Amino acid sequence: MSIEEQINQKILEEFEKFKKGVKKPNILLAGGTGVGKSSLINKIFGQELAKTGMGKPVTDSIEKYEDYDAGVVLFDSPGYEVGTEKAKKFEDDVINTKENIHLVWYCIASSGHKVTDFDINTIKRFRENGLIVSILFTKCDLVSEDTILKLKETVNKEIENINIYETSSISNDSLFKNELNKLITDSIKKLPDILQDGFISAQKVSLKEKWNRAHGVILQHLGLAFGVGFIPVPFADAPALVLNQMGMIARILYIYDLKGLENILTSGTGGGIIGQIMTVLGKSAVGQLLKFIPGLNIFGGVINGSVASLLTSALGEAVSAACYKLYEAILNGNTDIEEQVKSFADIVFKYAKESIEAKKDKDDYKLPE
């Protein structure tokens, strides 16, 4: 097995290992009948989890949807109509749920032109039970700004310090895009750090948050890179620096969650691109990227901590930038990314080379243009 193939295999192993260990946040979806919860969730997470995931009844009023490939677990409560038996069951099973819920997204259809006493009391009880609740007004494209303002006033009179978002599952108006981005950013802040990787990977709204998380991952791996030496030897004796870089790449690929992009990039279909890039920074590093480092100081084949950090930073940020570009194309409606995948190695090398030549510091990296 060639070095490239060994590296490809190792990255996939690291990816699966990391993926299996990810802690997923539990999100409870609540609201009345026909408020549009499913459509909104599809827009946020980019897939119909209620269909792709395995639904398991938790109670008569809660269904749990968990899919291996998704970074979140959804708890969906069926709609209710005030004053009915369903509303009573909702009260008993959903409000007082024993599940470990991290976020509650309470949906209210703005097209109904009212916030009911049942909505207000339910939200208050959720909060009394220690749950973090956000209100999502749905179908906001169907009503006027004045209607939304009045709905918000109703909520704010009864409930203090609660986040409210205006959403639409079908409109691409900049207002609704910004509101969904705010929802994602605020939700990340409310989650413990250990749950953020899964949520950021799963959400398909904020590319900026994926970039920010990937940058944070790179910073973590820089600390490890500084403390290890590097000797370009066969992969069987791969130094800690290369192993550290492979773990970093696996985490970056998980965060961007490009629908199996990691398999394309690390298989024959994609030409073993990541393996090629790793080989450039490993076996052939001295003849490739290292020549761009001014005043390189190598003693006995060992790269010092500063150079190891620069290489790791350049590689990580370059992979993140290439993923960002691919993801941006998908968000812009380009689902045929075959040509971009073919150029992935060139994009990574270009960004890495530029970073090394400029001797970029960890704080110098900006969102790709």
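Figures for the structure shown
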| item | result |
| --- | --- |
| Global form of region 150-195, assessed from the alpha-carbon gyration tensor, a/c cut-off 1.5 | oblate |
| Fully extended contour minus Cα-Cα distance, from residue 38 to residue 185, at 0.36 nm per residue | 50.9 nm |
| Cβ-derived FRET efficiency at R0 30 Å, residue 69 paired with residue 163, nearest 0.05 | 0.60 |
| FRET E, pair residue 144, residue 13, Förster distance 56 Å, beta-carbon r, rounded to 0.05 | 0.55 |
| Cα-based reach from residue 89 at 20 Å (exclusive), listing lysines while leaving out same-chain residues under 8 positions away | 37, 56, 64, 98, 124 |
| Packing-based ranking, highest mean first, of 16-22, 34-40 given that Cβ atoms within 10 Å are counted | 34-40, 16-22 |
| Gain upon complete extension [residue 96, residue 120; 0.36 nm per residue less C-alpha separation] | 7.1 nm |
| Relative packing of 174-181, 308-315, which averages over residues the other C-beta atoms within 10 Å, highest first | 308-315, 174-181 |
| Pairwise FRET efficiency - residue 173 versus residue 364, Cβ, R0 = 30 Å, nearest 0.05 | 0.30 |
| Ordering of 99-109, 182-192 by burial proxy (mean other Cβ atoms within 10 Å per residue, highest first) | 99-109, 182-192 |
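The numbers here are math on the coordinates, done by the rules we state, and not lab data. Just so it is clear, the structure is predicted and the values come from calculations on it, not from any experiment. Note that each Cβ is placed from the backbone with ideal geometry, even for glycine, and that neighbours are counted across all protein chains shown.
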